[in-house]
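Enquirer: This structure is in structure tokens; I'll ask about it shortly.
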Amino acid sequence: MITFKTWTDESFHQAIKLLRWCPNKDLLAVLYDTNEVDIFRVPLERVCSIPQLRSGVQTETVAWRSDGKVIAIGCDDGSVHLFEVESGVALHVFNADHCQVVSLEWVRQKFLGKSGRLFSGLPARALGRLPSLMSSTSNRDLADACWSAANNDASELDILRMLDAATTVQLSIAGRLPAGVIALRSYTELNLKNPSIAHIWSSSDLASTFILVADNDPTTSLRELSLVQFDHRLLLEHREVLRSVASHLAQVDSLVEYLDTAFQAIQRENETIMKESDGQLKAFNAIIEEHGVESNLSGELLHLLLCGIPSMILEQYLTQKLNNNQALKVWQKTFDAGYQNLQRLSCLHIMPAVERLLMHLDELKAIGTWGHNFGVLELTRSAIEECIDSCRGLAMRVNTLQLRTLDAADHFGEFIKWLNTVCQNLEHDIGSEHITPLVEAANISKVSTYIRNHLISDPFHEFFDSEADASERSGPYGATADEVAKKSQLQGLFQNLASNARKIWPVARTLNYKPVTLAGCIRLCDVTDDSTSGKVGMTHFLSAKYSREVEGLRYIALSIRHNIGDQIIPLFWVIRHSSTTASVPESRTPTPSVYQTYDLDIACVRLATGDGNDISVEFYEIFDDDIVIIIHRSRTATGIAESESQVSTLRYRDLEFSQASTFYEGAAKGSILNAYIQNNTLDRIPLIPVEASTALETHPLSLTSNGPRGTVALLGTDKKKISILLQGDSDE
């Protein structure tokens, strides 16, 4: 018997709405009623916190990506937010239909062979990595921030499956690219009255999605449990294209973030230069105020340059302020470093990133044209073209900035050479007649240009200021205010690029192509309200939240209370079918009279205590490839649940399975589980005694398990206590 023991109990001040384990790590996501999310590393050490996304928006569900690096958060406004787990940094927002997201699940499929080429004839890794930028949010290599599939030979395709309150299932590649919508209520041939989705799973090749549907007819009180299969033509026939689009989109996202960080860095360098320049102006103005005269630094320096004799005000500034405490050397070092950093950021960071961004945008534009012409996929081509125009504008402006920086650095070098000579002459009390020949080593024309155009005004203001600020300035190069305002600013171009990059995501509609088709439907169980009629029916079912694929087979567990004659009997079902499916042509879309079995195998058992009383299953979940974990209470002969909640396990793969085709005829339109009971009388259904491994102090409100790590999390009825159970050794 597999045993569980209580590892730790933790109480919280806030009420908890939902718990979710990471599939491959000891990480637990806790969603509070306050719409905040905390991620804990067992034993409950906080890794990161994600605050409420927006005021007035309710967070409904969370889901881990299979690698545990990304978590998706669904909201009641239909939006899905992706976050990096370790840092809590927001990665992307996927806007589904404006309907409450009630469930999220990640599915991963591996590609066979090499599929790491984003560009024709050029592996993505051939581009190398861009230099790292020091930033609190972007201090990681670009290749690590981008979608990992771009550089993998054996790539993986991540599908995010979203279920909303309107029973609509939306598929998204990597949480970015729409890959099909299943609007369950739109399939009139299924004759659904008031459906709700109990569980969803996909085939391992992502060719099909299976939906367990519970339907309730409010007029006749008829309740049914059906299994519906949908085939994904888009994912099956064009997955390479979809993967390529998703990868390009992720690269665009990362490059835009990279450029944002680079532009912030270049802005800081310019601010450092201007701060030093403003400091010198303030020092000179302090002397002017002290003497009560009107003057300006540029005019005084030009007078010195022309006449060779400094005024009393300028001489005091040069000897007491500028040359004191090595201020002149600090000025020179600050400007030299600033100009070099401007050049480095432009040449090594911004221009290569813009070039790569143009490559990805060009590929997206080509794919969008192909998708539009063949009616398969439609990208927002106008947004792509706007991004391309913005990139080209950025490239031209950054190139101009590089030239302007070289020019300013050259002029500043001559200016500082001349100013240093003047300060040395004043320090050694050299007469004015000796100043002119000593300064001939400097280019006087460049010194004059720097004093006139660069000393007081910011030479790069047209690149960094907003257009409103630029229009208020007088043009330092003789341009009018209107001419300056018409020039495109770097920030404006980048904002236009970032805004349109968010609009590239493909539109939800497709043209003449149906990405999802209905392949089949089978009724699993139905209700007969009159328990004395002698018919077999269903009074209640409890569906597992997760199914599991083991060795090419998909296992689904169901706990159902049946009314058989005058008795209400709880039965535990395990259904299995092949986890791979073949594509079903659209012509085989079934009519309401056609039901298929999908090669289903059925196992049914009665769970009881050692004294033969049936148990009342409260929660259960397929724990791993071998066992299902069950939270239950024992039931008396009259069916009343008693005793405390207990934890038990059942080896579901060891049950005796029967092929549905041996006892079920689809043409009869009956339900398959009812047919099983009618074919196998109640006496022939195995009675399996369960042995409780752990008795719980209180009845839990929910259960979530992490089979690979051997842990179970239970939420208490007060919604403020989490109990962690740890799997013990097997006792055979």
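The values are calculated or read from the model by the stated rules, or taken from the named source; none is laboratory data. Everything quoted here is computed from the prediction, not taken from an experiment. Neighbour counts run over all protein chains shown; Cβ positions are idealised from the backbone, glycine included.
Enquirer: Restricting to the stretch 42-76, name every residue that is assigned to a strand (DSSP E or B), in contact (Cβ under 8 Å) with a residue 12 or more places away in the chain and closer than 17 Å to I16 by Cα.
Expert: C48, S49, I50, T59, E60, T61, V62, A63, I73, G74, C75
Enquirer: Within the stretch 122-142, is even one residue at pLDDT below 85, closer than 20 Å to L361 by Cβ and part of a strand (DSSP E or B)?
Expert: Checked against the condition, which is being at pLDDT below 85, closer than 20 Å to L361 by Cβ and part of a strand (DSSP E or B), the stretch 122-142 yields at least one hit.
Enquirer: Give me the helices (runs of 4 or more DSSP H) completely within the stretch 283-386, filtered to those with at least 2 residues that are among the hydroxyl-bearing types (S, T, Y), ordered by residue number.
Expert: So the answer is 327-344.
Enquirer: Does G299 meet the test of being of a type in the set (G, A, S), closer than 20 Å to Y450 by Cα, modelled with pLDDT of 85 or more and assigned by TED's automatic domain parsing to the domain that holds S457?
Expert: Spelling it out, G299 is indeed of a type in the set (G, A, S), closer than 20 Å to Y450 by Cα, modelled with pLDDT of 85 or more and assigned by TED's automatic domain parsing to the domain that holds S457.
Enquirer: Would you be able to tell me the number of residues in the stretch 429-446 that are at pLDDT below 70 and surrounded by fewer than 17 Cβ atoms within 10 Å (Cβ to Cβ)?
Expert: 11
For every residue, the table says whether it meets (1) modelled with pLDDT of 55 or more; (2) in a loop (DSSP other than H, G, I, E, B); (3) among the charged types (D, E, K, R).
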{"position": "I451", "(1), (2), (3)": "yes, no, no"}
{"position": "A470", "(1), (2), (3)": "no, no, no"}
{"position": "A508", "(1), (2), (3)": "no, yes, no"}
{"position": "N512", "(1), (2), (3)": "no, yes, no"}
{"position": "G537", "(1), (2), (3)": "no, no, no"}
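Enquirer: Of all residues in the stretch 1-41, which are part of a loop (DSSP other than H, G, I, E, B) and crowded, with 20+ Cβ neighbours inside 10 Å?
Expert: The answer is C22, N35.
Enquirer: I'm trying to understand the selection: among the residues of the stretch 589-609, which are at pLDDT 70 or above and farther than 23 Å from Y676 by Cα?
Expert: T609, the sole residue that qualifies.
Enquirer: Name the single residue that is nearest to Y620 (Cα to Cα) among those in the stretch 559-588 being assigned to a strand (DSSP E or B) and modelled with pLDDT under 75.
Expert: Among those that are assigned to a strand (DSSP E or B) and modelled with pLDDT under 75, it is N563.
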